[in-house]
Amino acid sequence: MIRLKRIHDMPAPEDGLRVFVDRVWPRGIGKGEAAIDLWLREIGPSTELRRWFSQDPKRFEAFCERYWEELEARPEVVERLRRIVEDGDVTLLYSSRDRERNTAVALKRYLEKAPAD
C-alpha cells in the first residue's frame, strides 16, 4: 500500500518505509527530525518543471503529464521505487503545503496507472 504524508507530519507505525520524494530538502525541518528511511531525490521532478509548476493548482494536470514523461526517461529509479513498494507498505513524503496537488500525489498516480515491466 502507498500512503502519502507531508514530511512535517508525525510518523506512525502504519507508515511502513518512509520515502521522501522531493528533489530539494524543505526549509524548517532538520534531516534528523524528519524520520525518513530513504530520500529518493532522483525521482523528484526536474528543477525546471518544479519552477514551471510553482504549485499553481491550475497547472497540476499538465505538471503530472510532464512529470510522468520525466519518469519515463528514468526507468531505473522508477523500478527501484516499484521494488520498494512491492516489499511492503510505503509512505511517500512530500514538503508541499498542498495535500492534493504535489509531487507525491503525481508519483502515486503514475505508479498505480503505469504497468510494471
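The values are calculated or read from the model by the stated rules, or taken from the named source; none is laboratory data. Keep in mind that what you see is a predicted model, and the values were worked out from it rather than measured. No Cβ is skipped: glycine too gets one built from the backbone with ideal geometry, and neighbour counts run over all protein chains shown.
Which of the residues belonging to the stretch 6-47 are acidic (Asp, Glu), surrounded by fewer than 15 Cβ atoms within 10 Å (Cβ to Cβ) and under 14 Å from the mean Cα position of the chain (by Cα)?
Passing the criteria: only Glu42.
Within the stretch 66-112, work out how many residues are within 18 Å of Arg23 (Cα to Cα) and surrounded by fewer than 12 Cβ atoms within 10 Å (Cβ to Cβ).
So the count comes out to 6.
If you go through the stretch 1-21, how many residues are under 22 Å from Asp87 (Cβ atoms) and in contact with a strand residue (DSSP E or B) (Cβ under 7 Å, 6 or more places away or on another chain)?
Adding up the residues that qualify gives 13.
What helices (runs of 4 or more DSSP H) lie completely within the stretch 38-90 and have 3 or more residues being among the acidic types (Asp, Glu)?
60-72, 75-87
Has the stretch 57-74 got at least one residue that is farther than 18 Å from Lys113 by Cα, modelled with pLDDT of 95 or more and touching a Phe, Trp or Tyr at 6+ places or on another chain (Cβ under 7 Å)?
Checked against the condition, which is being farther than 18 Å from Lys113 by Cα, modelled with pLDDT of 95 or more and touching a Phe, Trp or Tyr at 6+ places or on another chain (Cβ under 7 Å), the stretch 57-74 yields at least one hit.
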